[in-house]
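Structure first, commentary second.
The values are calculated or read from the model by the stated rules, or taken from the named source; none is laboratory data. All of these numbers come straight from a predicted model, not from anything done at the bench. We place every Cβ from the backbone using ideal geometry, glycine too, and count neighbours over all the protein chains shown. All accessible areas refer to the heavy atoms of the entire protein, side chains included, with ligands and DNA or RNA removed. Shrake-Rupley method; radii C 1.70, N 1.55, O 1.52, S 1.80 Å.
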Amino acid sequence: MKKLGFGCMRFPLLDENDPKSIDLEQVERMFDIFLEKGFLYVDTAYPYHEGESEKAVKKALVERYPRTSFRLADKLPTFNLKEEADCPRIFQEQLEKTGVSYFDYYLIHCLTKDLYETAKKCKAFEFVQTMKEEGKVKEFGFSFHDTPEKLDEILSDHPEVDFVQLQINYLDWEAENVQSRACYEVARKHGKEIVIMEPIKGGSLIDLPKEIEADLRKADPEQDNASWAIRFAASLPGVRMVLSGMSSLEQMLDNISFMENFVPMSEEEQKIVLEAGEKIRKTVAIPCTGCEYCVAGCSQNIWIPEYFKLYNERQRTLSKGHDKAYDQAIQTHGKASDCIECHQCERMCPQHLPIVESLKKVSESFE
Ligand code: SF4
Ligand code: SF4
């Protein structure tokens, strides 16, 4: 199977301030091209686009193409589980929302130390295994955001799992808060195939600091930033799929251009890109991926990822004073300084970011 998967968490929007306003017409064109070029793997999840991603997949893909012409991955939202009965209830809801009778891949979503305890309490592993035995799930996986030691523990407890989904990109390969390399090695030790998420780290490996972009261009004038990032991930042994959250037809055509006839990276290319990652780590102020997992539970309605994006941009361009985009965002959301330090968001953050402390920097800079 071709190694590029369509991540359905960043569909194009009709209104940039409304994650539910998916541009269905453009998404249909994207699916048309994706399938026409021979790609198959489509990855959605319960919370993406505040619940609208699964429905968009139904309308733009499932209702327009034969079931055998694509492979669909969906995920059990561990963070929404309270009791055992939630697993079949949500699973049934997902089948209805996506319009399929089975999932090719079904993952327990976002396992961390705490959410692993939730999954155990709600018997999530037993539930997915039963769905597999009943033919409603073809392959069983989980996505993971914690330490290599925790991954080792979960894979030792659950050898029945077919594959794992890990955050791997050249920036996080050696990053302390993500430990991509060490997690990758644990999965390989257990003989599991790997699906990669965040290969371009929420888009941050597209918009690179000028001097790093110049280094990459010098090494290969033909290769763009997305290609360096996605090919790095896809070239690792044991990687079956790399998910890219493509947000426009243009991005999709670009990704397809280097993944249609994929050529693995040479050792030299790998060295160059890992060196670039080292340099970027020193310049990115707040390594937020924009996943928005932190947003829903914030009682102050603080638009955390947007503020971090604006802050990173400001650090990069060394600008100061009031910022139009920030002033506009706080018309409809809480300000960074409205944070009451409840730390709810930090418990949800897969990147383990010190959100409260970072918001203080945002408020000092923008308010
Ligand atoms: S710590 Fe601040 S930003 Fe985080 S959930 Fe609480 S109020 Fe919101
Ligand atoms: S702060 Fe963490 S949870 Fe929130 S958007 Fe960024 S990476 Fe995601």
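Which residue, of G5, G38, is touching a residue at least 40 places away in the same chain (Cβ under 8 Å) and part of a strand (DSSP E or B)?
Testing whether each residue is touching a residue at least 40 places away in the same chain (Cβ under 8 Å) and part of a strand (DSSP E or B) leaves just G5.
Only residues that are part of a helix (DSSP H, G or I), free of Cβ contacts under 8 Å to residues at least 40 places away in the same chain and over 21 Å from D146 (Cβ atoms): list them for the range 61-92, please.
The answer is L61, V62, R67, T68, S69, D86, P88, R89, Q92.
Considering every residue within the range 309-318, establish whether at least one is at pLDDT below 95, open to solvent by less than 70 Å² (accessible area, probe 1.4 Å) and in a loop (DSSP other than H, G, I, E, B).
no
For the range 66-121: of the residues being in contact with a helix residue (DSSP H, G or I) (Cβ under 9 Å, 6 or more places away or on another chain) and among the β-branched types (V, I, T), which is farthest from G135 (Cα to Cα)?
Filtering first and then ranking leaves T112.
Name, by its number, the condition in (1) farther than 21 Å from C291 by Cβ; (2) away from ligand 1 (no atom under 14 Å from the Cβ); (3) not aromatic (F, W, Y) that does not hold for A325.
The one condition A325 does not meet is (1).
Matching residues to (1) open to solvent by 70 Å² or more (accessible area, probe 1.4 Å); (2) over 28 Å from D114 (Cα atoms):
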position: G290; (1), (2): no, no
position: A296; (1), (2): yes, no
position: Y326; (1), (2): no, yes
position: T332; (1), (2): yes, yes
position: D338; (1), (2): no, no
position: H352; (1), (2): yes, no
position: S358; (1), (2): no, no
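Evaluate the following for P209: is it assigned by TED's automatic domain parsing to the domain that holds G277 and surrounded by fewer than 18 Cβ atoms within 10 Å (Cβ to Cβ)?
Criteria met by P209.
Yes or no, residue by residue, for (1) among the aliphatic types (A, V, I, L, M); (2) surrounded by fewer than 22 Cβ atoms within 10 Å (Cβ to Cβ); (3) under 21 Å from the mean Cα position of the chain (by Cα):
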site: C8; (1), (2), (3): no, no, yes
site: D18; (1), (2), (3): no, yes, yes
site: F34; (1), (2), (3): no, no, yes
site: G38; (1), (2), (3): no, yes, no
site: A60; (1), (2), (3): yes, no, yes
site: S69; (1), (2), (3): no, yes, no
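State whether one or more residues within the range 260-279 are part of a loop (DSSP other than H, G, I, E, B), in contact with a Pro (Cβ under 9 Å, 6 or more places away or on another chain) and closer than 30 Å to E346 by Cβ.
no
Please give the number of the condition V273 fails out of (1) away from ligand 2 (no atom under 16 Å from the Cβ); (2) touching a residue at least 24 places away in the same chain (Cβ under 8 Å); (3) in contact with an Asp or Glu (Cβ under 9 Å, 6 or more places away or on another chain).
Failed condition: (3).
Yes/no per residue for (1) among the β-branched types (V, I, T); (2) within 12 Å of ligand 1 (Cβ to nearest atom); (3) farther than 20 Å from H333 by Cα:
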| residue | (1), (2), (3) |
| --- | --- |
| E269 | no, no, yes |
| C288 | no, no, no |
| C294 | no, yes, no |
| L310 | no, no, no |
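Residue-wise test of (1) assigned to a helix (DSSP H, G or I); (2) at pLDDT below 90; (3) more than 15 Å from ligand 2 (Cβ to nearest atom); (4) on the phi > 0 side of the Ramachandran plot.
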residue: D327; (1), (2), (3), (4): yes, no, yes, no
residue: Q331; (1), (2), (3), (4): yes, no, yes, no
residue: C342; (1), (2), (3), (4): no, no, no, no
residue: C345; (1), (2), (3), (4): yes, no, no, no
residue: Q351; (1), (2), (3), (4): no, yes, no, no
residue: V356; (1), (2), (3), (4): yes, no, no, no
residue: K360; (1), (2), (3), (4): yes, no, no, no
residue: E364; (1), (2), (3), (4): yes, no, yes, no
